[in-house]
Amino acid sequence: MNFNKLGNTDLKVSSICLGTMTWGEQNSQKEAFQQMDYALEQGVNFFDTAELYAVPMKPGTRGKTNQFIGDWFLQSKKRDKIILADKVVGASQMSWMRLNGEKTCLNKKQINFAIDRSLKDLKTDYIDLYQVHWPDRPVGAFSGKLEYEHKNSDNTISIEETLDALNNLVKNGKVRNIGISNETAWGVNQYLKFSEKKKLARIVSIQNAYNFLNRGFEVDLSEIAIREKVGLLAYSPLASGYLSGKYRNGAMPKKSRMDLFYNYWPRYRTINSEKAIEEYWNLAKEFNLNLAQMSIKFCEIQPFVTSVIIGATTMEQLKTNIDSVKTNLNKELIKKIGEIQKRYPNPCP
């Protein structure tokens with residue numbers, strides 16, 4: 001396993017992070033325990049979860065993932081072996097996320113409620129990395145667009161107010177470090193500006209989508225990530241499984257994410273996605289590589305990436321994904337990856 005420093009902290013996190021969002025929906029507690037046991041045995045010391053998991057989000061499974069992790073901590077006694085990342089939801093219509101039926105937002109009251117519930121679910125008294133899951137203001141993170149579309153919102157909680165609330169969590173010991181997710185370059189700079197101006201906790205990471213089909217992070221966020229030591233935690237390195245090749249030629253494996261929740265994940269079905277995936281598939285074959293491992297390794301070796309978040313519903317998938325650390329991408333292969341990107345630039349933003 002490889003390790004990188006988490007931002008400007010002294011923490012060293014594995015370059016592979018165990019994603020958990022299927023636990024409680026596609027995976028049972030027993031399967032979740034098997035995944036955590038195996039990942040830790042392979043050197044993975046970084047787990048990522050969120051208060052709203054399992055996914056797809058719904059009242060009946062909210063918190064299931066965190067409860068599985070908490071039960072594993074309780075049984076295994078290995079809380080001290082894991083750097084744990086959790087997330088608080090941003091603005092949404094999910095009124096069932098809060099006890100009083102309020103629409104979610106990133107104000108102090110809701111952040112305090114969310115952290116206390118997460119700590120209870122996770123059976124721990126601190127979170128190593130607490131992240132804003134998505135901004136409170138309207139952004140295009142899930143819109144399928146690269147361009148910025150300005151929308152005013154009178155009810156948006158300011159980044160300054162959110163950061164102040166997160167800083168209080170650090171001060172009282174419930175949270176050790178803070179990060180952001182699905183954020184823009186402007187948003188990152190606002191967090192950095194207010195932390196310096198008001199002497200508040202500084203963000204150490206940003207969790208955004210990054211893969212062969214969506215390399216938008218490279219445009220401007222990559223420079224901020226490197227210069228400001230706010231490294232990327234790359235989620236969806238396999239583009240919801242499409243970059244494993246299992247959905248090629250219209251295939252639909254039983255009990256796969258797309259088989260179960262096809263309409264929920266349209267992000268990686270665009271006009272050029274199939275063509276791009278086929279080219280990456282053929283390139284992996286040319287170099288005698290597994291496409292999933294090639295995809296994950298490409299993310300891992302980027303200078304702006306701190307860790308790559310993998311997810312799996314079977315142990316076979318988990319082993320393949322973790323073994324990507326042993327994959328070697330030579331200069332010729334990387335050049336050819338770049339050529340495909342030029343032909344099909346970011347087909348799935």
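Each value in this text was obtained by applying a stated rule to the coordinates, not by laboratory testing. Since the model is a prediction, treat every value here as computed from it, not as a measurement. Positions of Cβ are backbone-derived with ideal geometry, glycine not excepted, and every protein chain shown enters the neighbour counts.
Here are a few things to note about the model shown:
- Between helix 331-343 and the chain: long-axis angle, C-alpha atoms, 0 to 90°, nearest 10: 80 degrees
- Protection proxy ranking for 289-302, 32-45, using the average of other Cβ atoms within 10 Å per residue and placing the highest first: 289-302, 32-45.
- Residues S118, S76, sorted so that the one with the fewest Cβ neighbours within 10 Å comes first: S76, S118
- When both bridge partners sit in the chain, DSSP labels roughly 15% of those beta bridges antiparallel.
- In this calculation the C-beta distance from E286 to Q93 is compared with R0 = 41 Å, giving a FRET efficiency of 0.30.
- Cα gyration tensor category, rounded, prolate or oblate, for the stretch 283-334 with a/c compared to 1.5: oblate
- Total charge dipole magnitude, the chain, about the Cα centre, Cβ charges on Lys, Arg, Asp, Glu only, Debye to nearest 20: 220 debye
- Multiplying the residue separation of N100 and K342 by 0.36 nm and subtracting their alpha-carbon distance yields 82.2 nm.
- Cβ-Cβ FRET estimate between Y148 and N8, R0 fixed at 30 Å, reported to 0.05: 0.60
- Relative contact order for the chain, counting Cα pairs under 8 Å that sit 6 or more residues apart, in percent: 17 percent
- Nearest 10 degrees, 0 to 90: helix 291-300 Cα axis against the chain principal axis: 50 degrees
- Positive end of the dipole of the chain (Cβ unit charges, origin at the Cα centre): among G24, Q293, L74, the Cα lying farthest that way belongs to L74.
- The modelled label-to-label distance between L192 and K255, using points 7 Å beyond Cα along the C-beta direction, is 4.6 nm.
- Helix 159-171 and the long axis of the chain differ in direction by around 80°, with both axes built from C-alpha atoms.
- The equivalent ellipsoid that matches the C-alpha gyration tensor of the stretch 1-74 spans semi-axes of 24, 14, 10 angstrom, in descending order.
- Projected label distance in nm at D71 and I334, using a 7 Å step from Cα toward the beta-carbon: 4.4 nm
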